[in-house]
Amino acid sequence: MIEKEKILSKIKESGLVAVVRAESAEQAEKITEACIAGGVAAVEITFTVPGAQDVIKELAKKYKSGEIIIGAGTVMDAETARTAILAGAQYIVSPYLNVDMVKLCNRYQVACMPGAMTIKEVVECMEAGADIVKIFPGELFGPSIIKAIKGPIPYAQMMPTGGVNLENVGEWIKAGAVAVGVGGSLTAGAKKGDYASITSVAKQFIEKIREARK
């Protein structure tokens, strides 16, 4: 199994990606540690974080033994994707489809998850070579959008981000999502320095995903 397939397999197996919009590298590191303790498969360091590539580099170095998968989010173009990959990002997430970015990821065999909101956009992402299509912003339609897209395109691999919480995560999974991206509803404790709450919430997410898959 090639590295990219291993990454995708781990993300799907756990079903949970933590979207990290930290205020500093130190905070991002503490959130990551709390996520590992909670059983999260992957963290997505967004490029809205100051010096995101440096944060990715530090985390990639610290967790090179594979304790957690480090990815880059809010990647808007191929140039940023390349910067993230060189820093050590193992997968790339974007809020929309940028074909050059997907091409670059495929060139380097790095997992790529561009964003879409309609059936047409999902198909365009798949045609461009996306590994998983990020359904964003998820809160606009809720879990029913996954089910609706799965009707005509049953083989679409989708991961919603935005609006996923403990109350509805099971519905997203039952609707056919291969994983979910969770930001604020998982990492909110970081603002108050309460990293133990992130671990606790992560465990609850993992459990609900497991239950929904039964």
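Odds and ends about this structure:
- Most positive-pole-ward Cα, 138, 50, 90, against dipole of the stretch 33-158 from beta carbon charges: 90
- Volume in Å³ per residue [convex hull over Cα atoms, computed for the chain]: 107 Å³
- Taking every protein chain into account, the 1.4 Å probe leaves residue 140 with about 120 Å² of accessible area, to the nearest ten.
- Taken about its Cα centre, the chain carries a charge dipole of roughly 480 debye when the Cβ of each Lys and Arg holds +1 and the Cβ of each Asp and Glu holds -1.
- Accessible area per residue was computed with a 1.4 Å probe on protein heavy atoms; residue 187 scores about 20 Å².
- Against the criterion of solvent-accessible heavy-atom surface with a 1.4 angstrom probe, 199, 118 sort, most first, into 118, 199.
- The longest part of the chain holding none of the exposed loop GluC sites (Glu not before Pro), meaning those outside H, G, I, E and B in DSSP with at most 16 other Cβ atoms within 10 Å, is 68-166.
- Entry note: the stretch 91-214 has Rg to Rh equal to 1.00, where both radii use alpha-carbon atoms and Rh is the Kirkwood radius.
- The stretch 126-194 and the stretch 41-58: distance between their alpha carbon centers, rounded to Å: 20 Å
- Inter-label distance for residue 12 and residue 213, nm, one decimal - labels placed 7 Å from Cα along Cα-to-Cβ: 1.0 nm
- Accessible-area value, residue 54, 1.4 Å probe, nucleic acids and ligands omitted, Å²: 90 Å²
- Å² of accessible area per residue within the stretch 68-214, as computed with a 1.4 Å probe and no ligands counted: 43 Å²
The values are calculated or read from the model by the stated rules, or taken from the named source; none is laboratory data. Values in this document were obtained by computation on a predicted structure and should not be read as measured data. We place every Cβ from the backbone using ideal geometry, glycine too, and count neighbours over all the protein chains shown. Only protein heavy atoms, including side chains, enter the accessible area calculation; ligands, DNA and RNA are left aside. Shrake-Rupley method; radii C 1.70, N 1.55, O 1.52, S 1.80 Å.
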